[in-house]
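The values are calculated or read from the model by the stated rules, or taken from the named source; none is laboratory data. Just so you know, these numbers come straight off a predicted model, no measurement behind them. In this analysis, Cβ positions are derived from the backbone assuming ideal geometry, glycine residues included, and neighbour counts consider all displayed protein chains. Accessible surface is based on the protein model in full, side chains and every heavy atom, while ligands, DNA and RNA are left aside. Shrake-Rupley method; radii C 1.70, N 1.55, O 1.52, S 1.80 Å.
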Amino acid sequence: MLRALEIRAELSGLEDSHRDRLFWEPTIELSVDCFVCERVRRTTVLKPGADRALCSGGEDGGHPAPARVSAFDVTTGADRLALRAVVDLWWASFRDTGRGEDGSPLSGWVRLHYGCHCHHAGVTVKGSVQTNTRRPHPVTCGGCRTGIGTDAAAPTIRLLV
């Protein structure tokens, strides 16, 4: 069955000198219950434009997964940088016999990556936000150590279909 997940995240209170240099990286790490390897909570890496994802489960330490990014929309405001992504994935019911749990089409964890071209240090630095960190969390430029904003709310994951 084809399912779609909507992921939303926002960095807010952006500092002026870095605001126009901050961007979302096109990589999503998502916890997925994978019916291919029949394991729950597998970290799956997705990149926009790729026709499949990479699941961390299985005997070989990873395998192609039937999932893809179908939307990756970034919006900017006066003091915020927001992301809305949609992930399409094929899913079928299964039981993870190793953990004794039934699989679910809804993910519980996501990590999103951002970058910043720091004009003070002349470098591009990277960071990430994820659902399971304490909030509010300051966002600091790794180049010049300036506080550039706040990760105030956890990214959300919603099952669309």
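Worth pointing out:
- Cβ-Cβ FRET estimate between Glu15 and Arg95, R0 fixed at 41 Å, reported to 0.05: 0.25
- Annotation: for a label point projected 7 angstrom from Cα along Cα→Cβ of Thr27, residues of the stretch 112-151 with backbone N closer than 17 Å are 112-117, 124-131, 142.
- Per-residue ellipticity at 222 nm, computed for the chain from helices alone with -39500 (n - 2.57) per DSSP H run of at least four residues, works out to -500 deg cm²/dmol.
- Looking at the chain, the accessible area is 52 square angstrom per residue; that uses a 1.4 Å probe and ignores ligands, DNA and RNA.
- For the chain, the fraction of 1.4 Å probe accessible surface lying on carbon and sulfur atoms is 48 percent.
- Sparsely packed loop sites in the stretch 70-161 (the trypsin sites (Lys or Arg not before Pro) outside DSSP H, G, I, E and B with at most 12 other Cβ atoms within 10 Å) comprise Arg99, Arg134, Arg145.
- R0 of 25 Å, Cβ-Cβ distance Ala121-Asp79: FRET efficiency to nearest 0.05: 0.65
- Stretched out straight at 0.36 nm per residue, the stretch from Arg134 to Arg52 would grow longer than its current Cα-Cα span by 26.4 nm.
- A crude spin-label estimate for the pair Val86 and Glu6, with each label 7 Å from Cα along the Cβ direction, gives 0.9 nm.
- Inter-part distance, the stretch 60-88 to the stretch 125-146, computed on C-alpha centroids, equals 18 Å.
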